[in-house]
Structure formats: structure tokens, C-alpha cells
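The block underneath contains the structure these notes are about, expressed in C-alpha cells.
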Amino acid sequence: MFRGGKMKKNEIRREIKCQTLALDAKQRLGQSLGVVERVGEIIAQRKPQTVALFSPLNDEVQIAQLVDELTCRVVLPRVEGDGMEFYDYHAGELAQGAYGIAEPQDGELCLPQEIDLMVVPGVAFTPSGDRLGRGKGYYDRYLAREGFRAYCVGVCYAHQLLKEIPTEPHDKRMDMVVSGNEL
């Protein structure tokens, strides 16, 4: 997997990016469909009233179909300065926002305590729930907000599931990780 033992966060990010770019479209689609199916099962079991999803970038697990399949309240993030807020999703009302991510432009603000289940992207995860993000800290800060209590499901491709990753005290752990190798 990784050469030379322990790696720093930025080294892991670079290595994972190379491995993700090496996946062909069929591999990405197959793993994404498996993740979507498993996350759908988790949502069906937990019966949340509000689910927080994300608009995937090209190198992230493609979960977009979940947005339209769910019958509960769906909220998506919008970057606002150094923070992020979640807003109600309405079909056709997304626009390119920060970092080229499709974000809701209107809709009602969702407070952290209203979210029952959150699907979280990441660069890498461990089976025990440690998460390595892109380095800006948006999710770590949101998950640390007062009142946040959601069950967090990290999603990734198979190569993004690592035995260990470096963590810091502010890094928030996922309750569950679903990877593309759970097919």
C-alpha cells in the first residue's frame, strides 16, 4: 500500500489522489454503486428524519443518486467563509459554489441538532472510523458544533480504506465507514 511506514497527512493525500486517478470509470462506478446500496440500507435501518449528504467532486464516491432516492429531508452543505452550513436540497436548485462543488443556493437552514445521519466524504478512512479530510477542516469543525449528534457514515473507494492514518485531537471519528470493497 504505502511505502516506508508512517506517512504524513499531505503524503497520504498525494498518494491517494494518484490511486484514485488510476481507477477507470468502470471501477469508480462499480464501487460507487456498492457504497450507495450499502448506505441506502443503513438509512433504511436507522430511519432518520433528516439526512445530510454531499455533492461529490470527481474524485469522490459518486453518491448523487441517493439525493433523489430518499423520502426524508435531505440537506447539503454550503461553504460560508471558514465554515459550512447545511441547507434543504431542492432538485434543480444547486449552483457551483466554493471549490467547484454544487451547493444549495436557497432553502431552509438546517441546524446541527436537526441532522440524524450524515454521509461524510474523506481522502482516507480506517475501519475504526478515523478520517483524513482534504485539510481545510470544514467537516471537523461542523461535527464539533454544539448540538451536533448525527450518526456519521464515512464513504470511500476501497483503496482509501487504510489500516491507520495520523490523527489529531480535533479530528472527528466516524461511527461507520462504508468502502467500495464491501460488495
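Points worth noting:
- Counting DSSP beta bridges with both ends in the chain, the antiparallel % (nearest 5): 50 percent
- Charge tally in the Cβ shell below 11 Å around R73, where Lys, Arg are +1 and Asp, Glu are -1, R73 excluded: -4
- Charge tally in the Cβ shell below 12 Å around D59, where Lys, Arg are +1 and Asp, Glu are -1, D59 excluded: +3
- Across the chain, the longest piece that holds none of the GluC sites (Glu not before Pro) lying in DSSP loops with up to 15 other C-beta atoms within 10 Å covers 1-92.
- Surrounding net charge for M84, when Lys and Arg each add one and Asp and Glu each subtract one, Cβ distance under 11 Å: -1
- With 0.36 nm allotted per residue and the present C-alpha distance subtracted, the D68-K136 stretch has 21.7 nm of extension available.
- Span from the segment 127-148 Cα centroid across to the segment 32-57 one, whole angstrom: 18 Å
- Global geometry of segment 50-133, whether rounded, prolate or oblate, following the gyration tensor of its Cα atoms and the 1.5 cut on a/c: rounded
- Rounded, prolate or oblate (a/c below 1.5 giving rounded, otherwise prolate when a/b exceeds b/c) for segment 83-129 by Cα gyration tensor: oblate
- With Cα atoms, 0 to 90° folded angle of helix 25-46 axis to the chain main axis: 50 degrees
- Rounded is the label for segment 14-156, because the ratio a/c of its alpha-carbon gyration tensor axes (a ≥ b ≥ c) stays below 1.5.
- Taking the C-alpha atoms only, the angle from helix 9-22 to the longest principal axis of the chain is near 90 degrees.
- Fully extending the segment from C18 to E37 would add 4.2 nm, taking 0.36 nm per residue of separation and subtracting the current Cα-Cα distance.
- Between Q27 and L57, the C-beta separation translates, for a Förster distance of 25 Å, into a calculated FRET efficiency of about 0.90.
- For the pair Q113 and R149, the difference between a 0.36 nm per residue extended length and the Cα-Cα distance amounts to 12.3 nm.
- Max mean-square fluctuation residue, GNM over the chain, Cα-Cα springs under 10 Å, options S128, S55, S32: S128
A short reminder: the numbers here are calculations on the coordinates, not readings from a lab. Small disclaimer: the values here were computed from a predicted structure and weren't measured. Every residue, glycine as well, gets a Cβ built from its backbone with ideal geometry; the counts of neighbours run over all protein chains shown.
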